[in-house]
Amino acid sequence: MMRPTILIILNNIEKHKLKNMKKLKYYIGVFVLLSALIYGCQDDDNSIGDIVAPNNVTITAEVLGADATNPNGDGSGFVNIKATADNVISYKFDFGDGLSEVVPSGEVKHRFSVVGTNTFTIVVNAIGTGGLSTSTSINVDVFSSFDDPRTTQFLTGGSTRTWYLAAAEVAHLGVGPARPGIDGDWWYPKWYGAQPFEKCSDPASACFCDDEFTFSIDSNGQITYQQDNKGATFFNGAHSAVAGGPGSGDDACYEWDTSGTSIVSLAPSDGVVPEAETTGTQLNFSDGAFMGYYVSSSSYEVLEITNTTLYVRVYDGLNDALAWYLKFSTSPADDVFETQYTELVWFDEFDVDGAPNPTNWGYDLGDGGWGNGELQNYTNSLNNSIVENGVLKIIALAEGSGYTSARLKSEGLYEFTYGRVEVRAKLPAAQGTWPAIWMLGANFQTVGWPTCGEIDIMEQRGQLVDKDEVSAALHLPGNSGGGAITELTGVSNASTEFHNYSVEWAPQFIKVLLDDKVYFTFANTGDTPFNNDFFLILNVAMGGSLGGEIDPTFTQDTMEIDYVRVYQ
């Protein structure tokens with residue numbers, strides 16, 4: 001029977017083969033030595049026995065739910081895999097999807113989560129005495145119907161996105177019971193939650209706050225992951241032996257190499273907590289990769305995810321009664337934005353009741369869809385735009401068989417290059433309303449769109465499920481319309497509370513902020529349209545490509561603007 005010591009070494013080889021080559025050589029050397037000693041010293045004369053490579057290696061695979069109607073399975077992606085061999089100690093499976101596992105018994109149930117029907121080459125290495133191995137493989141066709149495009153989009157931003165520990169939040173690291181029956185509730189960090197910046201201020205754990213976690217997606221939909229730990233990893237004390245620590249006692253930072261790229265597969269959550277308490281999605285990392293805090297596990301349940309926040313739970317690899325909780329953000333906790341533009345050069349505080357100030361604002365008038373299939377008719381009527389009680393109100397109305405609204409602009413009245421624009425606004429809530437705060441190149445009339453360039457400081461889609469998000473976008477040649485460079489972010493109470501929507505526009509970059517936090521950054525160069533004068537636009541559209549279906553009972557709704565300020 002396989003000795004426990006050998007099992008530990010095999011698993012350490014598997015987990016760290018790509019990330020810690022010096023440790024790998026050490027593990028292999030110890031493994032060979034122990035194999036010879038343990039298995040060779042069984043004879044009474046204590047002589048070293050034969051070192052024999054496994055033979056007669058076979059592998060079979062059974063796709064769950066496969067039948068005449070569903071030859072590639074029932075969509076769960078599960079496959080039962082069995083390997084046998086003579087003269088074998090253990091088996092190492094490479095599943096062909098970037099994941100692998102050491103299984104002494106030779107029998108394993110693996111879930112393939114790549115959506116659709118795909119062929120995977122499963123390779124098994126039968127490991128014998130002295131570390132000698134013999135391999136064979138099998139191809140298996142598997143159908144998986146699991147998909148979570150929302151998590152994929154938020155995790156990667158559609159391309160590449162870097163996450164950081166949300167150290168400013170309570171319980172950025174927490175622990176609680178992992179299943180019901182252990183001290184009551186089990187779906188939140190009941191036993192401990194770190195206070196803001198607690199882990200950053202303690203030298204024993206400060207390395208935790210330096211980590212960067214980058215997720216990327218390629219054209220084939222494959223998600224990859226890289227962790228930059230700046231040379232040190234925060235280890236749970238019970239797991240510290242992996243890094244040369246005592247394997248018990250307090251948590252601490254240890255030198256540990258996390259370089260290299262891991263594959264991330266999304267799968268239905270298989271945790272012990274009911275799916276209702278999670279998003280139902282689990283992140284599985286290849287090659288023993290993990291997210292900042294080492295607890296010997298590479299599978300994370302996604303409890304909550306938005307465009308800027310990620311909250312996960314991972315079960316302790318040595319003690320399955322413990323569930324660890326981690327919070328991440330797309331902004332470093334100490335990333336306080338400092339503007340370079342501080343001189344107020346133009347503003348409208350909307351402190352005079354009546355029509356909007358004609359020295360600041362003109363109007364776009366008429367209907368015709370405005371290139372987006374919109375349904376409103378823009379007017380200059382006080383019914384659609386009026387200053388009352390210190391705010392500008394842009395009012396969309398149902399009138400007759402159609403809709404009216406307003407689109408105010410500073411074109412020909414105030415145009416500028418570079419600076420910070422800050423608009424404090426409360427957005428409409430009705431289905432089908434499409435509010436926008438944006439800027440257009442002042443050469444629009446001569447060069448046309450998108451050559452003139454467009455900077456969308458804030459847009460909000462029209463359907464009710466979209467009302468807790470806003471977006472920023474840049475339109476320019478090669479990236480316009482549906483191909484614009486766009487970023488979403490979550491916003492709370494957008495229709496009941498005022499929020500600050502801002503842009504910092506410089507020769508080197510364009511940054512868009514929500515409530516003074518950057519969530520969109522673009523590297524500006526001399527080759528973009530964003531180096532000439534632009535003017536401001538405020539409007540509420542109805543329907544169209546982003547407004548979508550309008551509530552059939554719609555009567556009216558309003559975007560309120562507290563102020564517009566430009567700094568240079």
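Brief remarks on what is shown
- Free of any GluC sites (Glu not before Pro) that DSSP assigns to a loop and that have at most 10 other C-beta atoms within 10 Å, the longest stretch within the chain is 1-337.
- Total charge dipole magnitude, the chain, about the Cα centre, Cβ charges on Lys, Arg, Asp, Glu only, Debye to nearest 20: 1120
- Derived from the Cα gyration tensor, the three semi-axes of the equivalent ellipsoid of the range 307-466 are 39, 23, 17 Å, largest first.
- Between T58 and A241, the simple spin-label model (points 7 angstrom out along Cα→Cβ) gives 3.7 nm.
- Taking the square roots of five times each eigenvalue of the Cα gyration tensor of the chain, the equivalent ellipsoid has semi-axes of 57, 26, 21 Å, listed largest first.
- Sorted fewest first by neighbouring Cβ atoms within 10 angstrom, T433, T69 come out as T69, T433.
- Taking Cα centre as origin and charging only the Cβ of basic (Lys, Arg, +1) and acidic (Asp, Glu, -1) residues, the dipole magnitude of the range 48-105 rounds to 100 debye.
- Shape call, the range 79-237: gyration tensor on alpha carbons, a/c limit 1.5: prolate
- Cα gyration tensor shape of the range 344-567, rounded if a/c is under 1.5, else prolate or oblate by comparing a/b with b/c: rounded
- Kirkwood radius, the range 149-329, all distinct C-alpha pairs, inverse of mean reciprocal distance: 16.4 Å.
- Put in order of Cβ neighbour count within 10 Å, fewest first, the listed residues W449, W361, W256 become W449, W256, W361.
- Here's the picture: charge each Lys and Arg Cβ at +1 and each Asp and Glu Cβ at -1 in the chain, and of L392, N307, S76 the one pushed furthest to the positive end of that dipole is S76.
- Listed from fewest to most Cβ neighbours within 10 Å, the set L64, L514 follows the order L64, L514.
- If only the Cβ of Lys and Arg carry +1 and only the Cβ of Asp and Glu carry -1, the dipole of the range 344-567 around its Cα centre is close to 260 debye.
Bear in mind these aren't lab numbers, they're just calculated from the coordinates by the rules spelled out. Remember, predicted model here, so these are calculated numbers, not experimental data. Ideal geometry is used to build each Cβ from the backbone, glycine not excepted, and the neighbour counts take in all protein chains shown.
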